[in-house]
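All remarks here apply to the structure that follows.
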Amino acid sequence: MSHHSSLFDSYSIRRVRPPKNKIGTSAKHDSAISHVMGTATYVDDIAKPQGTLHLAVGKSSHAHARVLSMDLSAVRDADGVVDVLSFKDLPAQTDIGAVFDGEPLMVDDITEYVGQTLFVVVASSHRAAKKAATKAVVEYEPLPAVLSIDKALEQELFVRPSHFMKRGDAATALDNSPIRIEGHIHMRGQEHFYLEGQVSYVVPCDDGGLEVYTSSQHPSEVQQLVAEVTDLPFHAVNTVVRRMGGGFGGKETQAAAWACLCGIIAKRHNVPVSMRLDRQDDMVVTGKRHEFANRYEVGLDESGRILGVDMQLAGLCGYAPDLSDAIVDRAMFHCDNAYYYPAAHVAGHRCKTHTVSNTAYRGFGGPQGLMTAEYMMDHIAYTLGQDPLQVRLANLYQDGQSTHYGQTIEHFDLATIMTKLADDCDYDNRRQQILEANQKAAAEGSDKRLGLALTPVKFGISFTVQTLNQAGALVHIYTDGSIHLNHGGTEMGQGLYIKIAQIVANEFDVDLDTVKVSATRTDKVPNTSPTAASSGTDINGKAAQNACLSIKARILEFAAEHFDVAQEDIRFEKNHVYIGDKETLTFAEMIQLSYQNRISLSSTGYYKTPKIFYDRSKAWGRPFFYFALGAACAEVEIDTLTGEYKVLRCDVLHDAGQSINPAIDIGQIEGGFVQGMGWLTAEELIWNDKGKLASDSPANYKIPTAHDLPKQWNVKLYDRKNEEQTIYNSKAVGEPPFMLAASVWCALNNAVASLSDYKKNPELTMPATPEAVLKAVMRMQGTSWDLTTETDTDTIDSLVKGAEENSDLYNEKAMPQDVRHAKDIDPKEVEGKQTDDQPNAIEHPNVAGARGPAHSE
Ligand code: MTE
Ligand code: MOS
């Protein structure tokens with residue numbers, strides 16, 4: 001796999017040098033070259049035969065309405081159209097809810113979000129299908145639409161029952177606390193913005209089965225859902241995923257619908273069928289990160305140490321459950337981030353709204369829980385006039401304590417990581433300099449202020465549903481000594497394939513280019529879990545290792561007998577097999593010899609994560625095998641006149657355990673960090689008051705660019721073995737670094753706080769866009785942000801008019817919003833369990849065995 005093949009080295013060199021690209025070396029991504037050359041094949045790049053049909057969906061234009069009639073005659077008559085299907089044409093199962101019912105493939109009677117599929121057009125080209133889809137005449141009877149968390153809480157409209165976690169008596173702890181603080185934090189959603197949109201291509205097989213090419217993080221679920229909607233046994237459907245152009249959670253469940261539609265039509269017409277969503281469609285019809293509105297009340301002693309916490313987390317789930325049960329759970333698991341809450345009461349609500357169903361997104365609710373803790377830490381610090389870092393350190397967990405859901409804190413290096421980072425980046429001195437610089441700026445009337453923040457991350461690794469913590473792999477060794485590898489994980493750019501190839505190469509101590517990984521296929525490794533929860537390498541790596549171990553055991557047993565040496569004296573080393581001191585064979589020679597002596601050179605491998613258990617009815621247990629840790633320190637400069645800012649410097653120290661591939665891990669840290677920065681500083685999802693997404697293209701939704709990166713950026717690995725027995729004692733790295741970006745938001749908050757001499761908590765919202773920073777500055781300066789009363793609405797109207805679909809931009813959410821605190825809203829607390837109309841889904845999820853109750857993460 002290395003670009004310069006190891007076979008170019010002369011034999012005498014190969015014989016003595018260590019294998020190339022071993023574990024712990026920065027082997028480049030297996031597709032690095034083809035990514036750059038543009039030769040890596042994505043689903044839409046597959047050459048399709050003539051006669052391939054293309055699909056487009058007709059979308060609902062109402063958030064909540066009864067569909068009275070659909071006149072599709074003009075659609076049928078349009079150029080290139082071959083067929084049009086609506087709900088009644090679905091041949092078998094119609095609901096594709098991953099865990100719980102509630103996600104019809106097409107609208108039957110009532111539409112529940114703008115963009116929901118009403119019908120499907122089948123045409124000779126992508127363009128023809130899309131054009132035809134616009135020609136439908138649909139009559140609606142509008143129904144009242146619930147579009148916000150507040151409204152859903154008010155009406156107690158939930159997609160799943162509320163859930164509670166309790167430790168001790170939080171109410172009494174709060175009552176007895178000398179200091180009590182309450183707050184409210186609102187976080188927007190986030191568009192996945194994978195470069196490759198949702199796409200599927202399905203080819204009918206001569207035996208009546210289907211071959212499904214899709215961009216999905218969960219091939220097994222796609223296999224099962226396609227089978228169910230086409231009424232085929234699972235074995236008749238094979239899903240193939242070579243790579244995705246990014247998934248970020250957005251292709252965990254929400255890749256399935258398009259594959260299902262292709263499957264149904266491929267079967268109906270017996271021709272290959274292709275479907276892809278253009279960017280604007282993708283942004284409108286697929287779910288995003290959950291918006292959350294969280295409140296907290298915290299009791300403290302005089303020094304700022306937490307005595308008790310009462311939190312209420314409310315996620316905006318959209319119209320259907322999807323993965324929201326698990327996502328809100330994960331928010332609840334992470335609402336402590338890294339801090340000890342001696343007494344805690346945490347409520348988690350799953351608000352139902354008439355918007356697209358929100359879904360997994362890097363961190364899976366964790367970031368929304370974690371930010372609540374970080375916001376609260378800032379709030380405490382600025383209320384008490386303390387340094388936020390001191391408040392954070394004072395409340396940090398210590399070994400032996402346990403979380404509010406009962407998991408014991410062990411091997412907790414976070415204090416070390418934070419102090420090491422603080423030392424390395426000279427936190428104390430820089431803080432002092434910044435304090436002075438800000439004082440000087442104030443004295444001189446300058447508009448610039450500096451801000452600094454150092455924040456930690458603790459992120460639980462494992463799917464919180466035990467079933468999903470299993471994986472399989474398949475390893476073949478061919479007679480020339482080359483190795484072929486498959487496993488259940490999918491590649492979305494994160495470098496999973498190369499890491500697992502490194503593991504296999506390491507097991508036999510051969511060069512990395514001896515090993516080839518091919519597409520993830522359900523006919524090679526069955527019943528796989530989604531590649532999610534950052535667990536890809538952890539579980540598939542162990543499974544691959546186990547496959548290697550069984551082949552190795554067979555070879556050892558044979559060689560010991562054949563050469564009459566003890567097994568312990570046989571070593572796989574440096575591309576060779578050393579038979580005691582008797583003989584040395586190349587790896588390929590040993591394989592040849594084994595083959596000639598009828599030793600099986602192919603094996604499956606299987607792994608299940610040990611130690612984890614969790615009783616959801618008691619909200620108590622050890623849901624995570626271990627925690628990934630990290631810390632980041634960010635420095636920013638804001639302009640108090642305009643709200644504009646720069647991230648001047650950022651230092652990161654992240655714990656990836658004993659890294660399998662440091663370059664890949666650092667890439668994940670950098671990528672996650674920037675994506676987190678986007679969420680917290682730039683990306684603003686805006687819906688209009690009719691529930692239509694206004695920020696529906698790159699033109700009106702801003703993701704971070706290269707220009708937004710910290711000007712000075714140091715990313716280091718905290719190179720220490722994971723104490724748990726993970727694959728080579730490494731740690732999962734995919735999601736945790738996303739939350740390191742909290743440091744940037746907190747640094748902006750710190751710069752604003754300087755205006756009150758750090759004695760008042762700024763009312764800075766998320767994302768901290770320049771507009772939000774300016775608002776917070778003005779509030780802090782006592783110039784209240786009263787643009788709402790003074791806004792020249794005529795100007796806005798005239799600006800907005802003329803623009804297409806003009807009503808979209810002028811809406812409540814686009815207007816300046818107040819930061820609302822706990823007292824401002826009073827959602828009813830729903831005590832205990834609500835009636836659950838699908839109680840069996842927990843034990844018996846929809847898709848046979850693939851998904852657990854709260855499914856993921
Ligand atoms: N990195 C890239 N380049 N592209 C992605 O889509 N997804 C993230 C993370 N890193 C993603 C990524 C998410 S949401 C997860 S859960 C993990 O990768 C999944 O892969 P892993 O389990 O192999 O880390
Ligand atoms: Mo990642 S959100 O678990 O796909």
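The values are calculated or read from the model by the stated rules, or taken from the named source; none is laboratory data. Note that the structure is a prediction, hence the values are computed from the model and not measured. With ideal geometry, Cβ positions are generated from the backbone for all residues, glycine too; neighbour counts draw on all protein chains shown. Please note that ligands, DNA and RNA were not included when accessible areas were found on the heavy atoms of the full protein model with its side chains. Shrake-Rupley method; radii C 1.70, N 1.55, O 1.52, S 1.80 Å.
When the Cα positions of TYR11, THR705, GLY472 are compared along the charge dipole of the chain, TYR11 comes out farthest toward the positive end, with charges on each C-beta of Lys, Arg, Asp and Glu.
Filter LYS458/LYS524; LYS59/LYS251; LYS524/LYS731; LYS151/LYS458 down to the pairs with a C-alpha to C-alpha distance above 28 Å, please.
Check vs 28 Å cut-off fails for LYS458/LYS524; LYS151/LYS458.
Using the average count of surrounding beta-carbon atoms within 10 Å as a protection proxy, the listed peptides 89-99, 747-757, 593-603 rank, highest first, as 747-757, 89-99, 593-603.
For LEU549, the accessible area of its heavy atoms, probed at 1.4 Å with every protein chain present, is near 80 square angstrom. According to a simple spin-label model (label point 7 Å from Cα along Cα-to-Cβ), what is the distance in nm between ASP95 and GLU568? Label at GLU568, label at ASP95, 6.0 nm between them.
Exceedance of the 27 Å cut-off in Cα-Cα distance is limited, within the set LYS702/LYS759; LYS440/LYS775; LYS516/LYS582, to LYS702/LYS759; LYS516/LYS582. When only alpha carbons are used to place a centre, the stretch 247-287 and the stretch 326-400 end up 34 Å from one another. Within the stretch 197-247, DSSP assigns beta bridges of which about 55% are antiparallel (rounded to the nearest 5).
Start at zero, step by 5 Å, and the Cα-Cα distances of the stretch 594-641 spread as 4, 10, 9, 8, 9, 8, 8, 9, 10, 10, 6, 3, 2, 2, 1, 1, 0 percent across the bins. Modelled label positions at ILE703 and LYS552, each set 7 Å beyond Cα in the direction of Cβ, lie 4.0 nm from each other.
Of the peptides 557-568, 156-167, 54-65, the ranking by mean beta-carbon count within 10 Å, highest at the top, reads 54-65, 156-167, 557-568.
Here the stretch 454-544 is treated with +1 on each Lys and Arg Cβ and -1 on each Asp and Glu Cβ, and its dipole about the Cα centre works out to around 380 debye.
Counting heavy atoms of the protein chains alone, PHE8 has an accessible area of about 150 Å² for a 1.4 Å probe.
The percentage of C-alpha pairs in the stretch 413-553 whose separation is greater than 28 Å is 46%. If you wrap the chain in the convex hull of its Cα atoms and look at it from every side, the mean projected area works out to 37.6 nm². Protection proxy ranking, highest mean first, for peptides 668-674, 116-122: 116-122, 668-674, where packing is the per-residue count of other beta-carbon atoms within 10 Å, averaged. Straight-line cross-link reach from LYS618 at under 16 Å between alpha-carbon atoms covers these lysines, not counting any fewer than eight positions away in the same chain: LYS166, LYS833. So what's the gap between the Cα centers of the stretch 669-747 and the stretch 31-48, to the nearest angstrom? Computed from Cα coordinates, the inter-centre distance equals 26 Å. Each residue, ALA236 and GLN433, gets one label point 7 Å from its Cα in the Cβ direction; the gap between the two is 7.0 nm. Among beta bridges from DSSP that stay inside the chain, the antiparallel ones total about 80%. Sum -39500 (n - 2.57) across every DSSP H segment of at least 4 residues in the chain, then divide by the residue count to get the 222 nm mean residue ellipticity, nearest 500. Mean residue ellipticity at 222 nm (helix-derived): -8000 deg cm²/dmol.
Placing +1 on each Lys and Arg Cβ and -1 on each Asp and Glu Cβ, with no other charges, gives the chain a dipole about its Cα centre of roughly 1460 debye.
Which of the three applies to the stretch 72-158, rounded, prolate or oblate, going by the alpha-carbon gyration tensor with a ≥ b ≥ c and a/c under 1.5 meaning rounded? Note, shape of the stretch 72-158 comes out prolate. Of all DSSP bridge pairs formed entirely within the stretch 631-747, close to 60 percent run antiparallel.
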